Amino acid sequence: MKMMIKLAAVAAIAFSAHSANAVTCIGTCGTLAPNGVVTAPPSGGSIQYVSTAGGVAGAGQIAGAGGTNGSQLTTDVFTAAVGDPLNFFFNYVTSDGSSSFPDYAFAELLDGANASVGFLFTARTVPSGNTSPGSGLPVNISTLAPATSAIQSGTTWSALGSWSGSCFSAGCGNTGWIQSTYNIATAGSYKIRFGTTNFGDQIYDSGLAFSGITIKGEPVPTGAVPEPAAWMMMLLGMGAIGYSLRRKKPAVLAQLA
């Protein structure tokens, strides 16, 4: 019984800490170990992602650019001075292809009032040529390295769910890890919105991996989001603990009070 109470307390603390974090997720967000075409990032550390697999209608979109269903994650607020370098790595993976279904992904810099400062990068499915900046999308305000990002073959990545390893027509694949660097133009408070969306349909999913977000060399708080399965296991465990406690006799519960 004492062990169950300890587990309940630990779970409650973990859930409370996550809920208090200013990081927000709409749709499917999480943290993954390297797998498939998303190898360990150059920065080391964990890999976060957003994916259209299990996405929400209207999420992960650029205003006016359209889309069907997607996901987005917005970091916690961070402060920066003029000239501070904002860095991170990203890898866009899409199982879709052809110019008829141009899925896309992006990172948008927002100020403290949630107004858009600009798009650090955009990336879009194209049958051939450079994926970033995405066709028909805002220009990049970041400097990318490498500067060109022709799609590479391979879509095997667990974040794509049932579409991992699939490929619809020319243009599917991954960009590999690309570094984004932007020097802050105005001192203030900022956050970053990472997003990805399906376009034209809701199948052949796409995803965006990102890692190593820093401002002037210091980590930007992203509140690494647990895998959905991890949250489900925790919630089920808490439910089982609660059910077990409710079944105890009143006298036993009185002793625990």
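The values are calculated or read from the model by the stated rules, or taken from the named source; none is laboratory data. Note that the structure is predicted; figures quoted are calculated from it, not measured. Every residue, glycine among them, receives a Cβ derived from its backbone with ideal geometry; neighbour counts consider all protein chains shown. Each accessible area value is taken on the protein alone, full model and side chains, heavy atoms only, with ligands, DNA and RNA left out. Shrake-Rupley method; radii C 1.70, N 1.55, O 1.52, S 1.80 Å.
Computed values, structure above
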item	result
Pair Ser43, Ser128: separation of 7 Å Cα→Cβ label points (nm)	3.4
Amide N of region 86-122 lying under 19 Å from the label point, which is placed 7 angstrom from the Cα of Val139 along Cα→Cβ	106-110, 116-122
Residues with amide H under 5 Å from that of Ser135, placed H, sequence gap 5 or more	Arg124
Extension gain (nm, one decimal) between Thr186 and Ser99, 0.36 nm per residue minus Cα-Cα	27.6 nm
In sequence order, calculated HN-Hα J values of region 90-96 (Karplus, 6.51, -1.76, 1.60; Hz; x Gly/Pro)	9, 9, 8, 10, 9, 8, 8
Portion, in percent, of the accessible area of region 83-158 that falls on carbon or sulfur, probe 1.4 Å	56
Cα-Cα P(r), region 88-172, percent of pairs per 5 Å interval	3, 15, 23, 23, 17, 11, 5, 2, 0
Residues of region 113-173: accessible area per residue with a 1.4 Å probe, Å²	45
